[in-house]
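Heads up: the structure comes next, in structure tokens.
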Amino acid sequence: MTEINTTPELTLQQEIPFALVHGEAFTQLPQDLYIPPDALEVFLEAFEGPLDLLLYLIRRQNLDVLDIPIAEITNQYMSYIDMMQDMRFELAAEYLLMAAMLAEIKSRMLLPRPESISEDEEDPRAELIRRLQEYERYKQAAEEIEELPRVGRDIFEASAKGPDLTVVKAQPDLELKELLLAFQDVLRRTDMFASHQIQREVLSVRERMTNVLAALNAESFTEFTTLFEYKEGRMGVVVTLLAILELIKESIIEIIQTEPFGPIYVKTRQHVHES
């Protein structure tokens, strides 16, 4: 009588589930389980054509391309074709054409050669070897090109948008010295219209202030030197200067200089027109 070993280790090993479905352990296959014939498909190495398959079979066994054991390679090639047909892969016509070519070369290599045929006759494998060598050169060149750095795969262009910078040009402070230098230029131009006629002129600073305001506006700048009438002589331009200084003092007008030693501009303040 034979005793059955029912050790805890064996029992534990037999109870290990082979699958968990929604948390439920399965230790036996369901009786009503249906597995379609095409549920599992194994994809072997993909080849780009019959020459690629032949080259793979040759290189895998470290064979010499110039001395191919045609019988062995043909058997391996046909085995691969049969395997692909069993797995219901669609074979291209070129694979079947290569199989026929290998069968022909194999038969020519196996059949005895008549003595009448010269020994210099071309080897039946010569055309196949030539095609394999040419394909290998193109394949090697394609692999070298594939290894070259490629934009979008190995090299990525870096780009960054710069921040929007608003440059604010600071206006220089206008000093009284600059104003006096500009007025000095006005006086020099006044001397060009100097007259020897002596007459009494009544010049009012208040009236000149009104004239200056009439020539200015808050929307545009007026050059400082254009406010003077050189024909009035020194007395006239002095009164105009006093009127401008008085308007500045009362904050009715403002003077601006856009750059050092640049021209001086005058305009009325905005609130004057609004009032």
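The values are calculated or read from the model by the stated rules, or taken from the named source; none is laboratory data. Owing to the predicted nature of the structure, the values given are computational and were not obtained by experimental measurement. No Cβ is skipped: glycine too gets one built from the backbone with ideal geometry, and neighbour counts run over all protein chains shown.
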Query - Qualifying positions in the range 227-272 - without any contact (Cβ under 8 Å) to a residue 24 or more places away in the chain, within 60 Å of the chain's Cα centre (by Cα) and more than 20 Å from Gln184 (Cα to Cα) - result: Ser251, His271
Report task. Spot the failing condition for Ile117; the list is (1) modelled with pLDDT under 80; (2) in a helix (DSSP H, G or I); (3) of a type in the set (A, V, I, L, M, F, W, C), and only one is missed. Result -> (2)
Query raised in the report: Restricting the first residue to the range 53-77 and requiring it to be assigned by TED's automatic domain parsing to the domain that holds Arg131, which pairs with a second residue that is acidic (Asp, Glu) and modelled with pLDDT of 85 or more meet a Cβ separation below 7 Å and a spacing of at least six or different chains?
Result: Leu55/Glu136
Query raised in the report: In the range 202-223, how many residues are loosely packed, with under 12 Cβ neighbours inside 10 Å and under 55 Å from the mean Cα position of the chain (by Cα)?
Result: 3
Report summary line: Going through the range 163-187 in order, the residues found to be among the polar types (S, T, N, Q) and either assigned by TED's automatic domain parsing to the domain that holds Arg234 or assigned to a helix (DSSP H, G or I) (or both) are Gln184
Requested in this report: Identify all residues within the range 229-253 that are in contact with a strand residue (DSSP E or B) (Cβ under 8 Å, 6 or more places away or on another chain) and surrounded by fewer than 18 Cβ atoms within 10 Å (Cβ to Cβ); write none if there are none.
Outcome: Ile248, Ile252
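For (1) at pLDDT 80 or above; (2) part of a helix (DSSP H, G or I), each residue gets a yes or a no:
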| site | (1), (2) |
| --- | --- |
| Leu12 | no, yes |
| Ile16 | no, no |
| Glu41 | no, no |
| Glu45 | no, no |
| Gln85 | no, yes |
| Glu104 | yes, yes |
| Ser107 | yes, yes |
Report task. Within the range 192-234, count every residue that is modelled with pLDDT of 85 or more, of a type in the set (Lys, Arg) and in a loop (DSSP other than H, G, I, E, B). Result -> 0
